[in-house]
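Notes to accompany the following structure.
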Amino acid sequence: MPKIAEIERTPNPHAMRFVLKDPISQGITRSYENAEMAQKDPFAKQLFEIEHVISVYYVDKYVTVTQDGHADWNDLLRKLAPPIREAGAIGILESDSDEVHSTKDVQNSDDPRLQQINAMLDEQVRPYLLADGGGLQILGLNDNVLKVHYQGACGTCPTATTGTLYAIESMVRRIDPEIVVESV
């Protein structure tokens, strides 16, 4: 049973990140943007049963919960803490997907730019997004438009669609100056 080591604010005022003393997902990232997506994950499903929760993102020792902006964080934290403290190590779930960081099309693509971009994101972007309670999925590269999707706290954060997106585009343009990055 993990203990909560810290509760941290994120750049997104509607998201909080819980840092646990013990990992719960053993390296598997899970991202749910609504209760329907979380039906096969008992832990995330339990968090979505708490009023105002709109997103759950977790990996290893980190759990990020995003609310709809209509709850007082102090009240919501009191409701979120017990199920997070009670969560045990979560093994492989029926709903686990290997598309958390990139879609199957991206993974199976023979476009060397996509491979370079994904590696660059793994090294230079995703660790920082995780530190802020979120992640990034590559959806595809079509006609020099790289489509990405922010996850967790980053999904509804105004900073993600401005500063972070421009920084990613700047890095991606070192690989191919013609690429434009679009957040969807």
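The values are calculated or read from the model by the stated rules, or taken from the named source; none is laboratory data. In this text the structure is predicted, and so the values were computed from the model without any measurement. So basically every Cβ, Gly included, is an ideal-geometry build from the backbone, and we count neighbours across all protein chains shown.
Within the range 132-141, one or more residues are out of contact with any Gly (no Cβ under 8 Å at 6 or more places or on another chain), surrounded by fewer than 17 Cβ atoms within 10 Å (Cβ to Cβ) and over 23 Å from HIS14 (Cα atoms).
Taking the range 88-114 as the search range and keeping residues that are among the polar types (S, T, N, Q), under 21 Å from LEU130 (Cα atoms) and surrounded by 15 or more Cβ atoms within 10 Å (Cβ to Cβ), which one is modelled with the lowest pLDDT? By that ranking, first place goes to THR103.
For (1) under 16 Å from GLY135 (Cα atoms); (2) among the polar types (S, T, N, Q), each residue gets a yes or a no:
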| position | (1), (2) |
| --- | --- |
| TYR32 | yes, no |
| ALA35 | no, no |
| PHE48 | no, no |
| HIS52 | no, no |
| THR64 | yes, yes |
| ASP72 | no, no |
| ASP75 | no, no |
| LEU80 | no, no |
| GLU86 | no, no |
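Restricted to the range 153-166, and to residues there that are touching a residue at least 12 places away in the same chain (Cβ under 8 Å) and among the small types (Gly, Ala, Ser), the residue that is nearest to PHE18 (Cα to Cα) is ALA153.
Please determine, by comparing only the residues of the range 125-184 that are in a helix (DSSP H, G or I) and of a type in the set (S, T, N, Q), which one is farthest from TYR57 (Cα to Cα). Filtering first and then ranking leaves SER170. Going through (1) basic (Lys, Arg); (2) more than 18 Å from the chain's Cα centre (by Cα); (3) outside any helix (DSSP H, G or I) one by one, ARG113 falls short only on (3).
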